[in-house]
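**Q** Sharing a structure below in structure tokens format, with a few things to ask.
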Amino acid sequence: GANGWVLTSLHPNEEPVALEHMALYDTHQKKWTTLQGTGTVPGINAIALAQKAATMVFIGADGTAQVLDLNTGKVLSRFDTRINAESVLSMQFFLDDSCLAIKTAGGYLHLYRLATGEQLYYTQLQDAYMEYLQIFEDHRNQRIYIHGGSNSGLCLDVNSWSSLGQIDDLLYYHASLDLLYQANGHYEAAPIAYAKIPDTMQLVTIAREAL
């Protein structure tokens with residue numbers, strides 16, 4: 001993971017992986033850690049490592065999410081995602097590892113605050129049925145850009161958790177340059193165009209015109 005931890009596990013059968021079969025390697029400290037049990041969740045259907053913090057989250061077979069401290073194995077928080085665990089395609093931490101994005105079958109996107117389990121946002125991404133999920137953080141403008149594998153990206157305000165509109169042909173956001181990278185629509189030979197990010201009012205105008 002981006003946080004410097006490597007996750008390994010045994011797969012004794014096709015059932016959800018039991019946590020006692022998992023071990024973690026800390027590339028910073030150069031040591032192994034074995035986690036011992038999870039309390040209430042019997043198996044694991046999906047796993048994600050934090051971007052920077054020494055934490056991980058897993059979704060159990062019953063849809064319960066648990067956030068673990070990788071150094072101690074202690075459960076930091078636990079909440080019911082209210083989703084079918086078997087439908088989870090991908091997960092990603094974001095906003096300094098305080099929130100979690102879960103993408104499920106059909107292109108559905110679920111955003112949660114990890115400390116409380118509050119669902120912050122829910123929608124169906126356009127034409128996004130694959131596992132791909134990437135979230136770009138724009139701390140300067142207090143918003144995020146979500147790329148779910150489709151031809152357009154979604155921009156959200158992280159204060160109101162409302163949509164600021166779709167961004168066509170989103171490829172990448174460069175935070176330090178405050179630049180949005182977009183394709184020209186010809187993905188076979190995709191030369192990249194560079195677009196200055198619209199401010200909030202411009203995005204609102206774009207969204208209103210789309211309606």
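**Q** Being of a type outside the set (S, T, N, Q), in contact (Cβ under 8 Å) with a residue 60 or more places away in the chain and surrounded by 19 or more Cβ atoms within 10 Å (Cβ to Cβ) narrows it down to one of Leu111, Leu70, so name that one.
**A** Leu70
**Q** Follow-up question, since we're still on this one. Looking at Leu171, is it open to solvent by 40 Å² or more (accessible area, probe 1.4 Å), at pLDDT 80 or above and assigned to a strand (DSSP E or B)?
**A** When the stated conditions are applied, Leu171 passes them.
**Q** Considering only residues that are modelled with pLDDT under 70 and farther than 18 Å from Thr81 by Cβ, look in the stretch 18-43 and name the one that is most open to solvent (accessible area, probe 1.4 Å). Spell out how you get there, then give the answer.
**A** Our first condition is that a residue be modelled with pLDDT under 70; within the stretch 18-43, this holds for 18-22, 34-43.
Narrowing further to those that are farther than 18 Å from Thr81 by Cβ: 18, 20-22, 34-37.
Working: Ala18: 19, Glu20: 106, His21: 65, Met22: 5, Thr34: 81, Leu35: 7, Gln36: 145, Gly37: 33 Å².
Filtering first and then ranking leaves Gln36.
**Q** Next up: Taking the stretch 78-107 as the region of interest, how many residues are surrounded by fewer than 18 Cβ atoms within 10 Å (Cβ to Cβ) and farther than 26 Å from Ala54 by Cβ?
**A** 6
**Q** Looking at Ala53, Ala46, Ala61, can you tell me which residue is over 17 Å from the mean Cα position of the chain (by Cα), closer than 21 Å to Ile102 by Cα and modelled with pLDDT of 80 or more?
**A** Working: Ala53 fails: over 17 Å from the mean Cα position of the chain (by Cα); Ala46 fails: over 17 Å from the mean Cα position of the chain (by Cα).
Selected residue: Ala61, the only one of Ala53, Ala46, Ala61 that is over 17 Å from the mean Cα position of the chain (by Cα), closer than 21 Å to Ile102 by Cα and modelled with pLDDT of 80 or more.
**Q** Can you pull out the residues in the stretch 87-122 that are over 22 Å from Gln142 (Cβ atoms) and not in a strand (DSSP E or B)?
**A** Selection gives Ser87, Ala105, Gly106, Gly107, Gly117.
**Q** Going by the conditions given, is Ser150 under 30 Å from Thr205 (Cα atoms) and either assigned to a loop (DSSP other than H, G, I, E, B) or touching a residue at least 24 places away in the same chain (Cβ under 8 Å) (or both)?
**A** yes
**Q** Let me ask something else about it. Could you list, in sequence order, all residues of the stretch 118-133 that are open to solvent by less than 60 Å² (accessible area, probe 1.4 Å) and either modelled with pLDDT under 95 or in contact with a helix residue (DSSP H, G or I) (Cβ under 6 Å, 6 or more places away or on another chain) (or both)? Reasoning before the result, please.
**A** First pass over the stretch 118-133, keeping only residues open to solvent by less than 60 Å² (accessible area, probe 1.4 Å): 120-121, 123, 125, 128, 133.
Within the stretch 118-133, Thr123, Leu125, Ala128, Leu133 qualify.
The values are calculated or read from the model by the stated rules, or taken from the named source; none is laboratory data. All values derive from a computational prediction rather than experimental measurement. Note: ideal-geometry Cβ built from the backbone for every residue, glycine included; neighbour counts use all protein chains shown. Remember, those area values only see protein heavy atoms, side chains included, never the ligands or the DNA or RNA. Shrake-Rupley method; radii C 1.70, N 1.55, O 1.52, S 1.80 Å.
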